[in-house]
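The values are calculated or read from the model by the stated rules, or taken from the named source; none is laboratory data. Nothing here was measured: the structure is a model prediction, and the numbers come from that model. Cβ placement follows ideal geometry from the backbone for every residue including glycine, while neighbour counts extend to all protein chains displayed. Keep in mind that these areas ignore ligands, DNA and RNA; they rest on the heavy atoms of the full protein, side chains included. Shrake-Rupley method; radii C 1.70, N 1.55, O 1.52, S 1.80 Å.
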Amino acid sequence: GEETRLICGHFAFDSSSRHPMLGELPDSIVVRSQCNTTQSWLEASFKLLEAEYASTRLGSEAIINRMTEILFVQAIRDWLERREVDAGVLKALGDQKVGRALAAVHREPSQRWTVESMAREAGLSRTVFAKRFQELADTTPMNYVTSWRLEKARALLVGCDDSIEEVAAQVGYRSVAAFSRIFSRHLGIGPGALRRSRREAA
């Protein structure tokens with residue numbers, strides 16, 4: 001048959017990560033270039049990726065890493081647009097109004113988020129927003145905010161040298177004690193213990 005070139009890559013996720021999106025992804029996503037829109041980004045992305053892989057020029061590795069991230073996002077977007085997701089964060093992100101509120105929370109987790117402030121971002125009343133969010137994401141707005149903050153905090157504790165107090169402030173907690181209590185309850189380990197275990201492992 002015709003010559004086929006297989007390009008492989010992978011993403012590695014921290015085993016302690018509880019990012020709400022990861023559990024909702026299917027085992028496989030097949031993207032087919034059946035329409036002009038898909039074909040254009042698919043061909044362009046792979047041509048650039050192939051060219052950089054064969055190149056020895058400065059910065060090729062950085063470009064390859066970014067291109068794989070772009071392909072990952074494009075594949076998920078294509079999958080979401082082609083099929084109906086029952087419920088979950090991905091479905092909520094795809095909703096024009098609720099997705100706007102989620103994007104604001106992702107940008108600024110340290111803000112004093114309430115159902116009311118998220119509803120304002122979405123351009124909906126508090127009651128309508130809360131109901132719509134629950135139906136789409138299968139969780140409450142404030143439960144999602146807590147999960148997102150703790151996931152961001154986990155990444156910061158592992159990836160930077162900021163103090164626990166600084167990490168807590170970056171994700172919206174003014175009290176280290178409250179932050180540590182919630183972190184331990186949700187992740188099963190305290191922030192200090194998590195950081196120590198990662199440093200020992202490293």
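Look at where the Cα atoms of the stretch 105-134 and of the stretch 57-78 average out, and the two centres are 32 Å apart.
Each Lys and Arg Cβ is given +1 and each Asp and Glu Cβ -1; about its Cα centre, the chain then shows a dipole of about 840 debye. Placing +1 on the Cβ of each Lys and Arg and -1 on the Cβ of each Asp and Glu in the chain, which of Gly9, Ser45, Gly94 has its Cα farthest towards the positive end of the resulting dipole? Farthest towards the positive end: Gly94. If you build a Gaussian network model of the chain, linking Cα atoms that sit under 10 Å apart, which residue out of Asp78, Asp161, Asp95 swings the most? It is Asp161.
For the chain, the equivalent ellipsoid derived from the Cα gyration tensor has semi-axes of 34, 25, 14 Å, listed largest first.
Of all complete DSSP H helices in the chain, those with a Cα span along the helix axis of 30 Å or greater and a mean Kyte-Doolittle hydropathy of -0.5 or more are 60-82. If R0 equals 30 Å, the separation of the Cβ atoms of Arg77 and Thr140 corresponds to a calculated FRET efficiency of about 0.70.
Considering only Ala103, Ala119, Ala62, the Gaussian network model of the chain with Cα springs below 10 Å gives its largest mean-square fluctuation to Ala62. Summing charges over neighbours of Ala104, with a neighbour being any other residue whose Cβ is under 10 Å away from its Cβ, gives +1 when K and R count +1 and D and E count -1. Carbon-plus-sulfur accessible fraction, the chain (probe radius 1.4 Å, protein heavy atoms only): 50%. Test of understanding: given the chain, find the longest segment containing no GluC sites (Glu not before Pro) that are in a DSSP loop and have at most 15 other Cβ atoms within 10 Å. Counting at most 15 other Cβ atoms within 10 Å as exposed, the longest clean stretch of the chain is 85-202.
Name the residue, out of Thr56, Thr127, Thr139, whose mean-square fluctuation peaks in a Gaussian network model built on the chain with Cα pairs under 10 Å. So, out of Thr56, Thr127, Thr139, the one fluctuating most is Thr56.
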